[in-house]
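The values are calculated or read from the model by the stated rules, or taken from the named source; none is laboratory data. What you see is a predicted model, and the numbers here were worked out from it, not measured in a lab. Glycine also receives a Cβ, built like all others from the backbone with ideal geometry; neighbour counts cover every protein chain displayed. Protein only, heavy atoms only, side chains kept; ligands, DNA and RNA dropped before computing areas. Shrake-Rupley method; radii C 1.70, N 1.55, O 1.52, S 1.80 Å.
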Protein chains: 2
Amino acid sequence: MDAGRGTAEAGDGKGTGEGDGGAPRPRTYGPRERMVFSAAQLIRRDGVNATGMREVAVHAGAPRGSLQHYFPGGKQQLVDEAVAWSGRYAARRIGRFLAALPEPSPSALFAAMVGQWIREYETEGFGAGCPVAAATVDCAQSAESTRRSAAGAFATWNAPLADALTGFGVPAAQAPALALLMISTLEGALLIARAEGSTAPLETVARELGPLLDGCATGRDRT
Amino acid sequence: MDAGRGTAEAGDGKGTGEGDGGAPRPRTYGPRERMVFSAAQLIRRDGVNATGMREVAVHAGAPRGSLQHYFPGGKQQLVDEAVAWSGRYAARRIGRFLAALPEPSPSALFAAMVGQWIREYETEGFGAGCPVAAATVDCAQSAESTRRSAAGAFATWNAPLADALTGFGVPAAQAPALALLMISTLEGALLIARAEGSTAPLETVARELGPLLDGCATGRDRT
DNA sequence: TGCGGTTTATGACAGCGGTCATAATACTGA
DNA sequence: TCAGTATTATGACCGCTGTCATAAACCGCA
């Protein structure tokens, strides 16, 4: 899922430790948005409970006083919004993957999704995982609203994926299930890759699951 | 994966004394073991950072003073051992599933693994997930030893699964990869199921991935 | 210029976290 | 019985957390 990073649209961001004043901070985003963005970044690195509000403000280059102003619901609101934002981000990225596929197929799309993570891990290390997964692990039991937010994020992520699969010839009735399978497998492989500090699990699941996915696309309906 | 249930005295049965009709006399575990066990339970429920040492002692019915005595390495040591224990537990359970399969096949084994979670969620609610996943999310970045412990747990879990797959006719070269795919998918579906508060994701991945796994067992190729 | 709102600044607080220091107790073995 | 170790019992400490209360600064607008 990723919380987005650098690139053209996110601008500022990473490097929590080095909050140095080196890079000019494009003010294209307001403090509120930056705090949500930073929260997602920190959550996916350290988990929800290890991410402090003050830390979020610092990371976002936002004044601490803005926290209670923009998020009167406290930390829970901030976390919920960060999770929802991450879901939207992942969904948007599906569209971008789709547009960039040389030849459309379920396995190619899955490879693109996994490949994005492989590239991130190779270039930036295994410091961060999926923020929605982190929020689920940390809050599913303790914060009902966050749990719901995570469920919404997964659904938001699933929808465009399922649409893409139907476009590949997967029966409409099966597409959402297959999309869920892809997301599940990616999330799990992400976890294991982070634990092992290796991209091998990601590469493995892409290699193993990809052909099986394609089998569903050409199975009976596609012509 | 699961960390067993009930309070500290439950143990995990380990086959003896539970089904053999003898007196069920719960074998009593020492405070140390109970604390590791309780730590796993609490971690999988609230995550690592939200689980306090004092809380672990209380849950285990163990004296607080024993914490620093048995775990001079502090919380990190306790967490590491809880994670390692969980890995061993999951591995042991593969053997039990295998022995109980009516007709051996990859899909049946996967269904058993998933089914265990479905049953737990149906009877005890969605309060808890996989402790190894929780530890990975919370500690992969901050605690190197815990990250390694989680990697070890996944490996410990993978080994008997891969062995079982080769027993089902999966080529030995592919078995570990397929085992990884199964674990990844299960972990991811677990996450989503918890977020949604529904067992549907678990049922879905079992239904979708199962047949694909069997396709690999029939001596079919993988290129 | 003054006013009303949005936004930011600061400080305090109450609580809990892990960890340490120290002492008391229980138990084993001679 | 006693010595010595293993275990348990407390209490304190310091740092950090989320949250609140309050006031200052800012800014568009008359």
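Pull out a ≥ b ≥ c, the square roots of the eigenvalues of the alpha-carbon gyration tensor of the protein assembly as shown, then state rounded if a/c is under 1.5, prolate if not and a/b is larger than b/c, and oblate in the remaining case.
Because a/c hits 1.5 or more and a/b fails to exceed b/c, the protein assembly as shown counts as oblate.
Quick one: dipole size for the range B:110-170, taken about the Cα centre, charges +1 on Lys/Arg Cβ and -1 on Asp/Glu Cβ, in debye to the nearest 20.
Value, rounded to 20: 160 debye.
Just to confirm the number: angle between the C-alpha axis of helix B:31-46 and the first principal axis of chain B, 0 to 90 degrees, nearest 10?
Roughly 60 degrees between the two axes.
Based on the alpha-carbon set only, what is the convex hull volume of the range A:50-134 divided per residue, in Å³?
Each residue corresponds to 122 Å³ of Cα convex hull volume.
In degrees from 0 to 90, rounded to the nearest 10, what is the angle of the helix B:175-196 Cα long axis to the longest principal axis of chain B?
Value to nearest ten degrees: 60.
Among B:N49, B:S105, A:T185, flag the residue with its Cα farthest along the positive direction of the charge dipole of the protein assembly as shown, charges on Cβ as +1 for Lys/Arg and -1 for Asp/Glu.
Value: B:N49.
Got a sec? Which residues of the range B:105-141 lose 40 Å² or more of accessible surface with every protein chain in place, vs. that chain alone, 1.4 Å probe?
The answer is B:T136, B:V137, B:D138, B:Q141.
So how far, in whole Å, is the C-alpha centre of the range B:46-101 from the one of the range A:87-137?
Here the answer is 33 Å between Cα centres.
Using 12 Å as the cut-off for backbone N distance, which residues of the range A:43-83 belong to the label zone defined by a point 7 Å from the Cα of B:E144 along Cα→Cβ?
none
Accessible surface of B:Y70 in the full protein assembly, 1.4 angstrom probe, to the nearest 10 Å²?
70
Please identify every one of the trypsin sites (Lys or Arg not before Pro) in the range A:50-107 that sits in a loop by DSSP and has no more than 13 other beta carbons within 10 Å of its own beta carbon.
A:R64
Compute the relative contact order of chain A as a whole-number percentage, counting only Cα pairs closer than 8 Å that sit 6 or more residues apart in sequence.
This gives 23 percent for chain A.
Say a label goes 7 Å from Cα toward Cβ at B:P72 in every copy; what distances in nm does this one have to the rest, shortest first?
5.5
For the protein assembly as shown, what is the charge dipole size about the Cα centre, in debye to the nearest 20, if Lys and Arg each add +1 at the Cβ and Asp and Glu each add -1 at the Cβ?
That gives the protein assembly as shown a dipole magnitude of about 740 debye.
Just going by the charge dipole of chain B, with Lys and Arg at +1 and Asp and Glu at -1 on Cβ, which of B:S142, B:C216, B:Q77 is farthest out on the positive end?
The residue sitting most towards the positive pole is B:Q77.
Calculate for chain A the 222 nm mean residue ellipticity that helices alone would give, adding -39,500 (n - 2.57) per DSSP H run of length 4 or more and normalising by residue count, nearest 500 deg cm²/dmol.
-22500 deg cm²/dmol
Ordered shortest first, which distances in nm separate the 7 Å Cα→C-beta label point of A:T28 from those of the other copies?
A:T28 label point versus its equivalents elsewhere: 6.7 nm.
Keeping all protein chains in the complex and leaving out DNA, RNA and ligands, what accessible area do you get for B:I43 with a 1.4 Å probe, in Å² to the nearest 10?
10
Which of rounded, prolate or oblate describes the range A:24-77 when judged by the alpha-carbon gyration tensor and an a/c cut-off of 1.5?
Taking the square roots of the gyration eigenvalues as a ≥ b ≥ c, the range A:24-77 is oblate.
Output, in nm with one decimal and in ascending order, the distances from the A:I118 label point to the matching label points of the other copies (7 Å from Cα along Cα-to-Cβ).
When each copy's label point is compared with this one, the spacings are 3.3 nm.
Taking a ≥ b ≥ c as the square roots of the eigenvalues of the Cα gyration tensor of the range B:131-223, is the shape rounded (a/c under 1.5), prolate (a/b larger than b/c) or oblate?
Oblate.
Running Debye on the range A:7-218 with equal point scatterers at the Cα sites and no solvent, what base-10 log of I(q)/I(0) appears at q = 0.09 Å⁻¹?
Results for the range A:7-218 at q = 0.09 Å⁻¹ read -0.37.
Might you report the magnitude of the Cβ-based charge dipole of the range A:7-218 about its Cα centre, with Lys and Arg at +1 and Asp and Glu at -1, to the nearest 20 debye?
640
Given labels modelled 7 Å from the Cα in the Cβ direction, how far is it in nm from A:E103 to A:S198?
3.1
Once A and B are treated as a pair rather than alone, how much accessible area drops out, both sides summed, in Å² to 100, probe 1.4 Å?
Interface area, both chains combined: 3700 Å², rounded to the nearest 100.
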